[in-house]
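Every read-out reported here was derived from the displayed coordinates using simple, explicitly stated rules and does not represent laboratory data. These numbers come from a predicted model, not from an experiment. Cβ coordinates were reconstructed from backbone atoms using ideal geometry, including for glycine residues, and neighbour counts include every protein chain displayed.
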Amino acid sequence: ETVGKALLGGPFELVNQDGVPVTDATYREDGKFLLIGFVFSHCPAVCPAELVKMSRCVDMIDSKTKDLPVKIQPIAITVDPQRDTVGQLRAFKQDFHPRFEFLTGTPRQIGRVTKAYRVYFSVPEDAVDEEDFLIDHSSVSYLVAPDGEFLEFFPSLTEADEMADRISAKMREKTGIEPVSYTHLTLPT
């Protein structure tokens with residue numbers, strides 16, 4: 001049994017892959033649930049795999065929640081603002097779900113949002129003058145309600161179908177709309 005709520009998430013000010021400034025309120029205005037992951041575009045395997053999983057998950061959620069008035073918004077926030085420029089993220093976005101928003105910002109802005117979500121990341125000390133380096137970071141996705149409330153997190157080992165089932169259930173719970181069940185209907189003879 002769980003008591004209380006985790007103090008995760010919070011306001012952020014970043015820019016998307018098109019250079020448009022966005023905040024957490026930008027998405028709340030549209031009434032969207034957020035599925036947030038923290039990645040970097042130079043990652044050779046783990047981050048792209050997580051983004052593909054999140055993309056599949058969004059498609060599954062869409063099919064499970066067609067009757068809901070709200071949608072899920074996938075967001076990827078970089079932990080590598082030094083290399084993940086607006087142009088880099090715009091190119092990187094092409095390989096993933098079309099609704100994905102890729103966000104970057106100043107090192108200070110990225111530091112604030114990663115701290116709010118308790119995301120660990122470590123840039124190598126010699127990376128200041130290097131172009132080819134890896135960033136060690138936690139690989140977790142977060143579900144946030146349209147009102148900004150943190151709802152759930154998903155470690156990287158969580159499969160897309162399990163994520164989609166859990167997220168769809170949370171979306172229904174928050175909107176108060178239960179799925180239509182046809183098993184109780186009787187057809188005229």
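Taking a ≥ b ≥ c as the square roots of the eigenvalues of the alpha-carbon gyration tensor, segment 1-122 is classed rounded because a/c is under 1.5.
Under 5 Å from the amide H of Phe38 lie the amide H atoms of Ile77, Val140, each residue being 5 or more positions distant or on a separate chain, with H modelled from the backbone and absent for Pro and chain starts. Give me a comma-separated list of calculated 3J(HN,Hα) values for segment 85-102, in order, Karplus coefficients 6.51, -1.76, 1.60 applied at θ = phi - 60°, integers in Hz, x for any Gly or Pro. Listing the rounded values in order: 6, 4, x, 4, 5, 4, 5, 5, 4, 4, 8, 10, 3, x, 7, 4, 10, 10 Hz. In order along segment 108-115, phi translates into HN-Hα couplings of 5, 5, 5, x, 5, 5, 5, 5 Hz, rounded to whole numbers, per the Karplus curve 6.51 cos²θ - 1.76 cosθ + 1.60 with θ = phi - 60° and x for Gly and Pro. Give me the tail of P(r) for segment 55-108 as a percent: Cα-Cα pairs with distance above 17 Å. In whole percent, the long-distance tail amounts to 45. Just want to confirm a number: the relative contact order over segment 27-89, from Cα pairs under 8 angstrom separated by 6+ residues, in percent. About 51 percent, as a whole number.
Peptide packing: for 75-84, 109-118, the average count of neighbouring Cβ atoms within 10 Å per residue gives the ranking 75-84, 109-118, highest mean first. Proximity of backbone amide H atoms, modeled 1.01 Å from N, is registered between Glu101 and Ile75, Ala76 at under 5 Å, excluding neighbours fewer than 5 places apart on the same chain.
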